[in-house]
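What follows is one structure encoded as structure tokens, with my remarks underneath.
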Amino acid sequence: MKITKICCIGAGYVGGPTMAVIAQKCPHIQVTVVDLNAERIAAWNDENVDNIPIYEPGLSAVVAEARGRNLFFSTEVDKAIDEAQLIFISVNTPTKTYGKGKGMAADLKYIELCARQIAQVAKDNKIVVEKSTLPVRTAEAIKNILDHTGNGVQFQILSNPEFLAEGTAVEDLLHPDRILIGGDTTLEGQEAIQALVDVYAHWVPASKILTTNVWSSELSKLTANAFLAQRISSINAMSELCEKTGADVNEVARAIGMDSRIGSKFLKSSVGFGGSCFQKDILNLVYIAKSYGLNEVADYWEQVIIMNDHQKRRFSTQIVQTLYNTVAAKKIAFLGWAFKKDTNDTRESAAIYVANDLINEQAQIAVYDPKVSQAKALADLDYLETRSKEANAKQLQSFASPYDACHGAHAIAVLTEWDEFKTYDWQKIYDGMQKPAFVFDGRNLLHRAEMEAIGFVYQGIGA
Ligand code: NAD
Ligand code: UGA
């Protein structure tokens, strides 16, 4: 089947950038991204491309090139489903907050809604592609729903997980390490796989397009995230041991990373990983393993999360202890709120948890993040339901300038590794702070010697 019309359900961090790049690279394919969230769609359609809802380096240029030509954003879900030969499902799959599997399993209600809507609307054969990250064997459930519509339409379900990282989404999409496509081993399944391979082949070399069965593809996505997160928890576990022994975690990471079997990437010790996916996907993996009675497997992976929670908590405890065991009424400046640099996404950011711990100790949090608003930071805190909205609003304030955020502060905590933090006039910041002036560098971003030369009491992670 030659694909000329694609629909993507879900205009989020994955659907938006992924479809923008497909549209850019395949001008002959009409790509329509739909979402229930009218506000989000309106933002994608904003005349000024700088106002699109997701901040990603290079994204607004790609959108500007393709939007209105062969890339469309719309709330008309039924129409887009009806017209498309290939439908990506790219909706959110958060951790369940209720019922069986609460706090562990992936909530598939949005996925099921999509499947039901496709089943209802489709009048001709469709290829349905799982782009969202899903528990292994979800394709079976989707197929069951689609095959019971009774209108004779044939569906092929493919798994095509996304491996982009936020902050580098466009680069990752343009030059992926691999594209993974899982499908049925039947002739129809293989034809569907080929149709999707042909789309990616417009810009991805054939050697990087990997095809597998559906279950391998679904499980590979959870496995990839588990392995990546496990590296961070492993190096973070060593950071605590480094602090006790006089070893320096940066030196240890460098030393082990030069072993080509280990590799140097993803060994940066930090205040703990955040983001919408690592935690949710590992919890999901743990839940799946438990549901098959594989308790050792479940416990093994759960430890990655336990270590990460410990690392976040350890950071806030360290701040309180160092500030003479009290931060009550002390201003603590947070440089960064996003879960990593170059994104406006704050989901599961370590900053949220560190702020929550410090507010429990009655600290005043002053936030500066180049891409995150005060409203967003407060909404993140409110989501934890530790205290009332009013109480949070009294304890946290955002500033438009890092110098204002740090003025009068007892301590600075670096929570995100934004490049601009390295370029500040640190002498000026020091002059405006309470003394002794502390810096807790949760990203090992700043230079200890330079900070100490100015007069800061500097503490990094793992050194
Ligand atoms: P997101 O929350 O940013 O976007 C999901 C969008 O889907 C929302 O705008 C929501 O309104 C919309 N939606 C939900 N149900 C809908 C429905 N029935 N009809 C129409 N629209 C609907 O989520 P995201 O970060 O883009 O993640 C999507 C999926 O991709 C998740 O499964 C995630 O695990 C996976 N993933 C995310 C990343 C990432 O970096 N964020 C990377 C790889 C994979
Ligand atoms: C991650 C994966 O890298 C992507 O491949 C995957 O597609 C995506 O999850 C997903 O499934 O959602 P993302 O969460 O966007 O991407 O960003 P990462 O670069 O992986 O960073 C995640 C967190 O780990 C951030 O808080 C980051 O600061 C932290 N991190 C990363 C470290 O603390 N140390 C490192 O060495 C690397």
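The values are calculated or read from the model by the stated rules, or taken from the named source; none is laboratory data. Because the structure is a prediction, the values reported are computed rather than measured. Positions of Cβ are generated from backbone atoms using ideal geometry, with glycine treated the same way; all protein chains shown enter the neighbour counts.
So, residue 196, is that one touching an Asp or Glu at 6+ places or on another chain (Cβ under 8 Å) and more than 16 Å from ligand 2 (Cβ to nearest atom) or not? Taking the combined requirement at face value, the residue does not satisfy it.
Among the candidates 235, 282, 262, single out the residue that is surrounded by fewer than 17 Cβ atoms within 10 Å (Cβ to Cβ) and within 15 Å of ligand 2 (Cβ to nearest atom). Break it down into steps so the answer makes sense when it comes.
Values: 235 fails: surrounded by fewer than 17 Cβ atoms within 10 Å (Cβ to Cβ); 282 fails: surrounded by fewer than 17 Cβ atoms within 10 Å (Cβ to Cβ).
After ruling out the rest, the residue left standing is 262.
Checking each residue in the stretch 1-19 for being over 14 Å from residue 110 (Cβ atoms), near ligand 1 (Cβ under 6 Å from one of its atoms) and either surrounded by fewer than 24 Cβ atoms within 10 Å (Cβ to Cβ) or among the basic types (Lys, Arg) (or both) picks out no residue at all. The condition (being more than 13 Å from ligand 2 (Cβ to nearest atom), among the hydrophobic types (A, V, I, L, M, F, W, C) and part of a loop (DSSP other than H, G, I, E, B)) is satisfied by just one residue among 247, 255: 247. Screening residue 316 on (1) surrounded by fewer than 19 Cβ atoms within 10 Å (Cβ to Cβ); (2) more than 14 Å from ligand 2 (Cβ to nearest atom); (3) in a helix (DSSP H, G or I); (4) not β-branched (Val, Ile, Thr) shows it passes everything except condition (1). Whenever a residue of the stretch 10-22 is farther than 20 Å from residue 69 by Cα, its partners that are within 11 Å of ligand 2 (Cβ to nearest atom) and among the β-branched types (Val, Ile, Thr), lying with C-beta atoms within less than 9 angstrom and at least six residues away or across chains, give the pairs 13/343; 14/133. Is one or more of the residues making up the stretch 183-202 assigned to a loop (DSSP other than H, G, I, E, B), of a type outside the set (S, T, N, Q), free of Cβ contacts under 8 Å to residues at least 60 places away in the same chain and within 15 Å of ligand 1 (Cβ to nearest atom)? Looking through the stretch 183-202, none of the residues is assigned to a loop (DSSP other than H, G, I, E, B), of a type outside the set (S, T, N, Q), free of Cβ contacts under 8 Å to residues at least 60 places away in the same chain and within 15 Å of ligand 1 (Cβ to nearest atom). Pairs linking a residue in the stretch 107-126 that is within 16 Å of residue 155 (Cα to Cα) to a residue that is among the basic types (Lys, Arg) and modelled with pLDDT of 95 or more, with Cβ atoms under 8 Å and 6 or more positions apart or on different chains, are 118/126. Counting only residues that are away from ligand 1 (no atom under 16 Å from the Cβ) and either in a loop (DSSP other than H, G, I, E, B) or not polar (S, T, N, Q) (or both), the stretch 127-145 holds 3 of them.
Please go through the stretch 146-182 and pick out each residue that is within 11 Å of ligand 1 (Cβ to nearest atom) and under 14 Å from residue 200 (Cβ atoms).
160, 161, 162, 163, 164, 172, 173
Filtering the stretch 420-436 to residues that are more than 21 Å from residue 461 (Cα to Cα), among the polar types (S, T, N, Q) and part of a helix (DSSP H, G or I) leaves only 427. Checked against the criteria, residue 183 counts as at pLDDT 95 or above, under 23 Å from residue 106 (Cα atoms) and more than 16 Å from ligand 2 (Cβ to nearest atom). Applying the set (1) under 21 Å from residue 180 (Cβ atoms); (2) of a type outside the set (Asp, Glu); (3) at pLDDT below 95 to residue 144 leaves exactly one unmet item: (1). Filtered by the rule that a residue be touching a residue at least 60 places away in the same chain (Cβ under 8 Å) and more than 27 Å from residue 324 (Cα to Cα), the stretch 354-381 gives a lone residue, 371. Within the stretch 294-329, the residues that satisfy the criterion of being in contact (Cβ under 8 Å) with a residue 40 or more places away in the chain, of a type in the set (A, V, I, L, M) and farther than 17 Å from residue 222 by Cβ are 307, 319, 320, 323, 327.
Evaluate the stretch 165-172: report whether one residue or more is of a type in the set (D, E, K, R) and within 11 Å of ligand 2 (Cβ to nearest atom).
Looking through the stretch 165-172, at least one residue is of a type in the set (D, E, K, R) and within 11 Å of ligand 2 (Cβ to nearest atom).
Note on the stretch 259-284: residues that are in a loop (DSSP other than H, G, I, E, B), in contact with a Leu (Cβ under 8 Å, 6 or more places away or on another chain) and either charged (D, E, K, R) or within 19 Å of residue 163 (Cβ to Cβ) (or both) amount to 1. Here residue 283 fits the description: under 23 Å from residue 102 (Cα atoms) and touching a strand residue (DSSP E or B) at 6+ places or on another chain (Cβ under 8 Å).
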